[in-house]
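We did not get these values from a lab; they are worked out from the coordinates using the rules stated. Computed from a predicted structure; not experimentally measured. Counting neighbours? That spans all protein chains shown, and the Cβs are built from the backbone with ideal geometry, glycine included.
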Amino acid sequence: MLLAIDIGNSHIVLGVFKGQELLCEFRIATQLHKTCYEYGNAIKNLLNDFKISPSKVKNTILSSVVPALTPVFEEMSWTYFSAKTLLVTCRINTGIRILYPVPSQVGADRIVNAAAAFHLFGKESRPMIIVDFGTATTFDLILENGDYWGGAIAPGLVVSSEALFSHTAKLPNVELIVPKNVIGEDTPSSIQSGLIFGHVGLVKEIVYRISQEILTLSPKKHSASASPPPLVIATGGLSGLIAPLCEVISIVRPALTLEGLMIIYQKSRLKGSKQRGTVREE
């Protein structure tokens, strides 16, 4: 079995795969002060809760945007599962080609999402925009040939809510739910309206602008009359909240990052660490 680990700024999402089947997934809070033993014991207990014997886990793959925790989880994988972790970077076999001038600047989670989207939906032969609703809301563009162009990063819903609460004297911290009306009838519902519908507007506007810029990337191939609209894929913990309100989103895939980790692991296992053109040739 494969243990896939995605370390984010707020949560660490983990999933266990048997082949391509996701047997379980769970998340724990990201805490910088915890040791590999504390994380290892917590993960073992959660696996037991899902009736998965930790001894069945033979391999681990890790994506991380928290550098301080990367060695902690590498040590945890070796200590608890006798597994040398495959660490996702821009230089391992992902099946996509990163066109950033400095590919190492692309977050591991964004690489994983792009690889998953291209593998799962590339057959549709259309550009793809991934919207990941996490601590940050990120937008990533992958063309139909597997070229990763980049995207946009905005504050996530939780960050926006916490910032509003912590930087004002009288505004309360509210639950992130969809209010009945855009026009709030009290302060909490007014805040909910601004946060939720404001985020919907943010998503629509950035998706629209990315869609327009796609036409300039390769004019011969992408023209307003010939190019199909991009496939917009939502993922992340809050995707289920925003996607129903946002008609530009075509697909909701909450476990896209875990799926991407599994896909990258299988590619690396089959083809080795040497890959075809993952980094743009200078």
Q. Using a Förster distance of 41 Å, how high is the FRET efficiency between ARG91 and HIS33, based on the Cβ-Cβ distance and rounded to 0.05?
A. 0.85
Q: With N denoting the number of residues in the chain, provide Rg(C-alpha) divided by 2.2 N^0.38 Å, to two decimal places.
A: 1.05
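Could you give the length gained on full extension between ASN45 and GLU25, defined as 0.36 nm per residue of separation minus the Cα-Cα distance, in nm? Let's see the in-between values first.
On the way: separation 20, 0.36 × 20 = 7.20 nm, distance 1.33 nm.
Going from the current span to full extension adds 5.9 nm.
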Q. Pick from ALA152, ALA169, ALA83: which residue has the top mean-square fluctuation in a GNM of the chain where Cα pairs under 10 Å get a spring?
A. ALA169
Q) Using 1/(1 + (r/R0)^6) with R0 = 45 angstrom and r between the beta carbons of VAL102 and LYS56, what's the FRET efficiency to the nearest 0.05? A) 0.70
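In a shell of Cβ-Cβ distance under 12 Å around GLY134, excluding GLY134 itself, what net charge do Lys and Arg (+1) and Asp and Glu (-1) give?
Numbers: positive: ARG27, ARG110; negative: ASP6, ASP109, ASP132.
Neighbourhood net charge equals -1.
The stretch 1-150: Rg/Rh from Cα coordinates, Kirkwood Rh?
Values: Rg = 15.9 Å, Rh = 16.2 Å.
Rounded to two decimals, Rg/Rh equals 0.98.
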Q. Taking 0.36 nm per residue of separation and subtracting the Cα-Cα distance, what length does fully extending GLU175 through SER250 add?
A. 24.4 nm
Q. Excluding same-chain residues fewer than 8 positions from LYS267, which lysines have a Cα within less than 30 Å of its Cα?
A. LYS18, LYS44, LYS51, LYS56, LYS58, LYS84, LYS123, LYS221
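Of the peptides 43-50, 250-257, 140-147, 54-61, how do they stack up when ordered by the mean number of other Cβ atoms within 10 Å, highest first? The partial results should precede the final answer.
Values: 43-50: 15.6, 250-257: 19.4, 140-147: 21.0, 54-61: 17.9.
Ranked by mean Cβ neighbours within 10 Å, highest first: 140-147, 250-257, 54-61, 43-50.
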Q: Can you pull the one-decimal nm distance between simple spin-label points at TRP78 and PHE197, each 7 Å off the Cα toward Cβ?
A: 5.5
Q: Note down the nm distance, to one decimal, between modelled labels 7 Å out along Cα→Cβ at LYS204 and at GLU185.
A: 2.4
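Determine the dipole magnitude for the chain: charges of +1 sit on the beta-carbon of Lys and Arg, -1 on that of Asp and Glu, nothing else is charged, the reference point is the Cα centre, and the result goes in debye to the nearest 20. Mind showing how you got there, number by number?
Numbers: 26 positive and 23 negative charges, 210 e Å.
Rounded to the nearest 20 debye, it is 1020 debye.
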Q | For LEU86, distant residues with modelled amide H under 5 Å away | A | THR60, ILE61, LEU62
Q | Inter-label distance, nm, simple model (7 Å from Cα along the C-beta direction), GLU213/PHE165 | A | 3.3
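If contacts are Cα pairs under 8 angstrom and at least 6 residues apart, what is the relative contact order of the stretch 97-267 in percent? Don't skip to the end; give the middle numbers.
Values: 258 pairs, mean separation 43.0, N = 171.
So the answer I get is 25 percent.
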